[in-house]
Amino acid sequence: MSVLKADDVVKWYGDLEVLRGVTFEVEPGQVKVIIGPSGSGKSTLLRMLATLETPDRGTVTLEGRAPGPGEVGMVFQRFNLFQNMTALDNVMCGLVEVRRLKKDEAKDQALAFLTRVGLAEHAAKYPDELSGGQQQRVAIARALVMKPKAMLFDEPTSALDIELVREVRDVMERLAREGMTMVVVSHDFRFANDVASSVLMMDEGRIVEEAPPDEFFSAPKEERTKRFLALVE
Ligand SMILES: Nc1ncnc2c1ncn2[C@@H]1O[C@H](COP(=O)(O)OP(=O)(O)OP(=O)(O)O)[C@@H](O)[C@H]1O
Ligand SMILES: [Mg+2]
C-alpha cells in the first residue's frame, strides 16, 4: 500500500508539456531520490505531490484520497521562510493558522521540533540572523511540526556552502532512519547512495528509470541515465 501516489500525471505550462504522464509511488518509510537535467520537470512533479498545483490529467493521492493541508510537507531549495517572523513563529504559524492550536501549545510543539533539528537556542532569531543551513533546518522543522505523512525536498542542500550541507544532510538521514516517507530531488549522490530506497531518473517530463542506488549508479540500464551520470560525475 503506497503512502503517496502520482497516477499518469500530465501538466502543461502554456504549450509546453512539462509532465508527460508520470506514474510513481512511495511506500511507507521509503526514500525516493529523483535526479535529472534542469527543466526535466522534477520541481513540477514535487509541486503536484504537495498539491501546490493541480494536474491537467491524472491524480495525486495520499493513502488513496486527496491530501489535506500540511499532510505532505515540502522543503524548498531557498528555504522560503517568512523573513519578518522569528524561527519559532515560522515553525508555529501552521499550527495556529491551519491546525487551530492555542498559541501556548503551538509554541511548545514548535520548540520541540526546533530542538529536534538542533536549533532550540536560535528560536528567537530572524531568518537573516541564521546561516543557510540553519534556515533550512527551520524550514524542515516547520514542515515536520504539522506531522506530515510524507516529506518532499526540492534540492534542499544545493544552495548551501559545502560545510553547511552536512548539517542538513544529517537531519534528513535521521528522519529517514526514523521511518519518514520521503521524496527528495537532489544531486547529492552520497545521500542517494546511503539513504535512498530507489533512485529515479527524470528526463523531458518522464521517469525513464528507477532502481535501487547500487544498481542505479553502478549499472544503469537506460542510455539517458548513463549519459547524465557521466556528465554529472
Ligand atoms: N510556473 C511555470 N510557468 C511556466 N513554465 C514553467 C513554470 N514552472 C516550470 N516551468 C517550466 O517547466 C519546465 C520544468 O520545470 P521544473 O522547474 O519542473 O524543472 P526542474 O527539473 O525542477 O529543473 P531544475 O533542475 O532547473 O530545477 C521548465 O521548462 C520550466 O521552464
Ligand atoms: Mg527544480
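Amide H contacts of Val75: Leu152, Phe153, Asp154, each under 5 Å away and 5 or more positions distant or on a separate chain (H built 1.01 Å from N in the peptide plane; Pro and chain starts excluded).
A Förster radius of 30 Å combined with the Cβ-Cβ distance from Glu105 to Glu178 puts the calculated FRET efficiency at roughly 0.85. Annotation for Arg57 and Arg20: the two label points, set 7 Å from Cα along the Cα-Cβ direction, are 1.3 nm apart.
When both the range 1-17 and the range 126-171 are represented by their alpha-carbon centers, they are found 26 Å apart. Here r is the Cβ-Cβ distance between His187 and Ala112 and R0 is 30 Å; the resulting FRET efficiency, rounded to 0.05, is 0.40.
Spin-label model, Ala219/Gln83: points 7 Å from Cα along the beta carbon direction are separated by 5.1 nm. Across the options Pro220, Met172, Cys93, the greatest Cα extent toward the positive end of the charge dipole of the chain (unit charges at beta carbon of Lys, Arg, Asp, Glu) belongs to Cys93.
Ligands, DNA and RNA left out, the 1.4 Å accessible surface of the range 68-196 is 48% carbon and sulfur atoms. In the context of the full set of protein chains, the range 138-233 has a per residue accessible area of 45 Å² (1.4 Å probe). Taking every lysine pair in the chain that is 8 or more places apart or spans two chains, those with Cα atoms closer than 13 Å amount to 4.
In the elastic network of the chain, a GNM with C-alpha springs shorter than 10 Å, the most mobile of Val75, Val98, Val60 is Val98. Which stretch or stretches of the range 38-68 have amide N atoms under 20 Å from the point lying 7 Å from Cys93's Cα along the Cα→Cβ direction? Flagged as within label range: 50-53. Among Leu101, Leu19, the order of accessible area from largest down is Leu101, Leu19, computed with a 1.4 Å probe on protein heavy atoms.
The values are calculated or read from the model by the stated rules, or taken from the named source; none is laboratory data. It should be emphasised that the depicted structure is a prediction, and the values quoted were computed from it without experimental measurement. Reconstructed Cβ throughout: ideal geometry from the backbone, glycine too, with neighbour counts over all protein chains shown. Side chains included, ligands, DNA and RNA excluded: accessible areas come from the protein's heavy atoms. Shrake-Rupley method; radii C 1.70, N 1.55, O 1.52, S 1.80 Å.
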